[in-house]
Every structure is written in structure tokens, then in C-alpha cells.
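Input: a single structure, listed below in C-alpha cells.
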Amino acid sequence: LKVGFVASAYGCTHACGFCAIRAQAGGRYLTHSIPAVLRDMRLLGDIPVVRLIDANTFGDPKHAAELAQAIIDAGLGKRIIADVRSDTVVRHPELMALWRKAGLLAVIIGFEDLSDEGLARLGKRNTWRNNVEAVSILHGLGIRIVGDFIASPDYSEADFEHLGKTIADLHIDLPMVSVLTPLPGTPLYNELRERIVIHDLDYYTLTNAVLPTRLPEKTFYETYAGLIKSGHAGAKL
């Protein structure tokens, strides 16, 4: 299945502590003109799936609604994959319904942590309740969910088990679990830099623990790999 890539926005409206996008964009959130987005989608020809590569396609709900309507009116017939925050889904379910009509096949949501306290530590400015409610809204609309979760190096085996059970209970279509990684230039890096034990950026793949692990290192990676292999974090979309 061929996928084409189109940008409709640049930057992000939020400043999560682990994310480098806000710094890359100078703290701005900029949207492309609707005619430009439609042009780029048409240039894909008969490629059936469009991946909107924005960090947050719905950062400006008004612009997002106008873009969705324009896609519908243009009759492009594309299936679309885009990133959205769960709190945006909860605040604007009608926007998600409109995008479903426009061809929205799946969304990528950064659920990150499983508690309000953990989300606050990551600077997410969101709640676990929003995450759960967003899943219900999206599934009700027939929109599939790619869910991003972060496993901390401080995880115990019980924490991994809880994460796997939560992913299964939510029926996330494609769960993706990364390892907490303080990327240089982010608030998280500044907060944790004294604890970092690996500074070689080749290891900053979001699957390596560059901080000391609570579990013995071999146990940590075996447990992490077991979660992926179990299907709780590696299903097909």
C-alpha cells in the first residue's frame, strides 16, 4: 500500500517536556494555506493514503475544520492519517466526525503515561481521563488509533505488566511503546542530564535506556521486548 506525505502545519501549540518540536519551530504553530495542502494532495496522483506529517494537524481547530471541508468538497477520495491530542478529540468530537467524512482513517495519539501525575511530570498538560474518553469517541467514529506510550527506565516488571494490560483494555489498534529518552535541547534533558549515562546520540533511538534502569539492564530489555512481542505493543493497523 503506497503512502504519500503532506504537511498542513508546522510546530505545535504545546510544550511537552520530552519533545523537541517546539524548539525546532521556535515556539510557533504555523498552518499551510488550504489551497497549498489540496495542491500537494493532488500531486500524489493515485497514491491512496496521505500521511499528514504535522506534529499536530488540529492545533488550530478552525483551520482544521476548513481544511476537512475543503478536502470533502474537492472529492479527493484519499484515506488520511494524522496526529491529534486526546484533549482536542474530547473538546471537538464534531471536528473528528467531519474529518472522518474527509477520509480520516487513523490518528496518532501520544498517550505517554498512564496517570495524571506522570503526564504532569512530562509537561503533557492533559489527563488520563481525556485519553480514555478520546479512545471511545474515535472508536465510535470508526477511526483507528496508533497509540504512543512511554516506558520509563524506572519501570518495574509490574509497571510493564500494567502498561500491557492497559493497552489491551483500551483496544489500541497499533500501540507503540518507546523508552523515555531525554533528547538534547528539551526541558526533560535539562532536568535529567546529571542522570544520563549514555551520551552517544547513536543510542538516542527511543528504544534504548540512556538513563540507569531500575531493573537489571538485561531484565529491563527482556521485559520491554516481551511487551512488544506479546502483541500488546505491536499489532497491525
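Only helices enter this figure: runs of n ≥ 4 DSSP H residues, each worth -39500 (n - 2.57), summed and divided by the residues of the chain, yield -11500 deg cm²/dmol at 222 nm to the nearest 500. Axis of helix 217-229 versus longest Cα principal axis of the chain: the two differ by about 30°, to the nearest ten degrees. Taking a point 7 Å from the Cα of residue 190 along the Cα-to-Cβ direction, the residues of region 12-50 with backbone N closer than 15 Å to it are 15-24, 26-27.
Can you pull the percent of Cα pairs in the chain with separation above 34 Å?
Details: 4921 of 27966 pairs.
So the pairs more than 34 Å apart make up 18 percent of the total in the chain.
With contacts taken as Cα pairs under 8 Å at a separation of at least 6 residues, region 3-229 carries a relative contact order of 17 percent. Helix 128-141 and the long axis of the chain differ in direction by around 40°, with both axes built from C-alpha atoms.
Applying a 4.7 Å cutoff between beta carbons, the unpaired cysteines of the chain are 12. Look at the dipole of region 3-229 built from charges on Cβ: of 150, 36, 111, the Cα furthest out on the positive end belongs to 36.
Relative to the longest principal axis of the Cα atoms of the chain, the long axis of helix 61-74 makes an angle of roughly 50 degrees. Between region 19-72 and region 87-111, the alpha-carbon centres lie 14 Å apart.
Just so you know, all these numbers are worked out from the coordinates, no wet-lab data involved. Quick caveat, the model's predicted, so the values are computed rather than measured. Don't worry about glycine lacking a Cβ; one is built from the backbone with ideal geometry, like all the others, and counts go over all protein chains shown.
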